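Participant: Sharing a structure here in structure tokens format.
Since every read-out is calculated from the coordinates, none of them should be taken as a lab result. The model shown is predicted, which means the values in this text are computed figures rather than measured ones. Neighbour counts are summed over all protein chains in view; Cβ atoms, including those assigned to glycine, are modelled from backbone coordinates with ideal geometry.
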Amino acid sequence: MIDHMTLRVKDFARSKAFFAAALEPLGYALVMEFEGFAGLGVKGKPDFWLAAAEHRQYDQVHIAFRAPDRKAVHAFYDAAIKAGGKDNGGPGTREHYHPDYYGAFVLDLDGHNIEACCHDPA
């Protein structure tokens, strides 16, 4: 299951306004924002993110897959590295997202930022 994704955008303010208006009929609203990032979602869960182009140096697209538990996050990371991916943030808690956010990041063969994450407490 896809947990969330991020698009790089050239004009952050314009894109944020565009997607807020375009997705509002689908129940999306701005849920979270910090410098150069805006997370839109339904019912308080941001699953569609915009990133100002200057805030991303590697990836063109970021896709996060929902993992059933933290063990699966580790297994994803190990398998992706073994398959030729490059480390972009090993398994660990990312409290700046929320206290139970646990994820791992790899750059795929084309430089896309691929993540597995779990939102459940340890």
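Participant: Taking segment 1-59 as the region of interest, how many residues are touching a helix residue (DSSP H, G or I) at 6+ places or on another chain (Cβ under 7 Å) and loosely packed, with under 11 Cβ neighbours inside 10 Å?
Facilitator: 1
Participant: Out of all the residues in segment 76-108, which are in a strand (DSSP E or B) and crowded, with 17+ Cβ neighbours inside 10 Å?
Facilitator: The answer is Tyr102, Gly103, Ala104, Phe105, Val106, Leu107.
Participant: Please work out if Glu24 is free of Cβ contacts under 8 Å to residues at least 24 places away in the same chain, over 17 Å from Cys118 (Cα atoms) and over 17 Å from the mean Cα position of the chain (by Cα).
Facilitator: Spelling it out, Glu24 is indeed free of Cβ contacts under 8 Å to residues at least 24 places away in the same chain, over 17 Å from Cys118 (Cα atoms) and over 17 Å from the mean Cα position of the chain (by Cα).
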